[in-house]
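Novice: The following block contains the structure, expressed as structure tokens.
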Amino acid sequence: MARHIAVVEDEADLAANCRSALERQGFKVSVFADRPGALAAFRTRLPDLAIIDVGLGAEFEGGFELCRELRSLSPSVPIIFLTARDSDFDVVSGLRLGADDYLTKDISQPHMLARVNALFRRIDALNHASHGNAELLTRGDLCIDLDRMSATWKEQFLELTVTELWILQALARHPGHVKSRQQLMDAANVVLDDNTITSHIKRLRKKFQVIDTAFDGIKTAYGMGYRWDA
């Protein structure tokens with residue numbers, strides 16, 4: 001069955017171009033011009049991936065709000081922002097809200113499709129790993145269930161995005177080993193930059209600290225990267 005991608009974009013021409021490019025790749029595509037329409041559809045059925053513009057009609061940050069709402073419906077549905085807004089503040093804001101990637105509209109269609117496919121490859125790779133080894137990845141109070149694409153800390157559920165789950169398992173698989181930002185990018189099978197990796201790490205730590213205020217298991221190796229040491 002073809003994977004279903006939701007495109008939330010208020011510029012009709014851009015939405016049509018995006019739909020056409022994705023459909024040529026074999027995806028099923030639904031297009032929404034505003035936040036309320038998209039949210040109503042998501043409450044009925046979640047897409048396999050959502051591509052969202054930040055500004056939606058009269059809602060200057062409607063895409064950010066939709067991201068929050070979609071994350072409340074599902075912590076794991078992959079979300080990509082595709083927008084003309086390229087300030088560092090907007091990029092970091094989008095990632096902090098739980099997006100897996102942030103692209104600007106000047107990106108080429110092949111590059112955009114590569115990022116979409118990279119997200120799906122991560123999901124497939126996680127599922128493949130779980131089928132190859134039925135055991136859970138446990139590190140002390142951390143338990144990662146790759147089959148269900150979920151993680152718990154002290155038996156409490158961590159609401160992680162696909163990217164966060166992938167980064168976490170890359171760190172926890174080899175405790176004490178420093179993973180550079182480039183290694184985390186390679187492990188996550190995605191093209192990010194140093195600031196983006198840093199934002200994902202900060203978001204990961206905050207999610208642990210919601211459960212355990214004393215959590216300090218993701219250590220920074222200054223000038224080198226990060227390691228799991230819990």
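The values are calculated or read from the model by the stated rules, or taken from the named source; none is laboratory data. Computed from a predicted structure; not experimentally measured. Methodologically, a virtual Cβ is constructed for each residue, glycine included, from the backbone with ideal geometry; neighbour enumeration extends over all protein chains shown. Side chains are part of the model used for accessible areas, which takes the heavy atoms of the whole protein and leaves out ligands, DNA and RNA. Shrake-Rupley method; radii C 1.70, N 1.55, O 1.52, S 1.80 Å.
Novice: Within region 90-106, how many residues turn out to be free of Cβ contacts under 8 Å to residues at least 60 places away in the same chain and touching a helix residue (DSSP H, G or I) at 6+ places or on another chain (Cβ under 8 Å)?
Specialist: The qualifying residues number 4.
Novice: Across region 201-227, which residue is nearest to Arg139 (Cα to Cα) among those that are assigned to a strand (DSSP E or B) and free of Cβ contacts under 8 Å to residues at least 40 places away in the same chain?
Specialist: Lys219
Novice: Can you tell me which residues in region 94-116 are open to solvent by less than 30 Å² (accessible area, probe 1.4 Å) and assigned to a loop (DSSP other than H, G, I, E, B)?
Specialist: Gly98, Ala99, Asp100
Novice: I've got another one for you. Does region 165-178 hold any residues that are touching a helix residue (DSSP H, G or I) at 6+ places or on another chain (Cβ under 6 Å) and either surrounded by fewer than 23 Cβ atoms within 10 Å (Cβ to Cβ) or of a type in the set (Phe, Trp, Tyr) (or both), and which are they?
Specialist: Hits for region 165-178 are Trp166, Ala170.
Novice: Could you look through region 138-185, keep only residues that are at pLDDT 90 or above, within 16 Å of the chain's Cα centre (by Cα) and in a strand (DSSP E or B), and pick out the one that is nearest to Ser72 (Cα to Cα)?
Specialist: My answer is Leu158.
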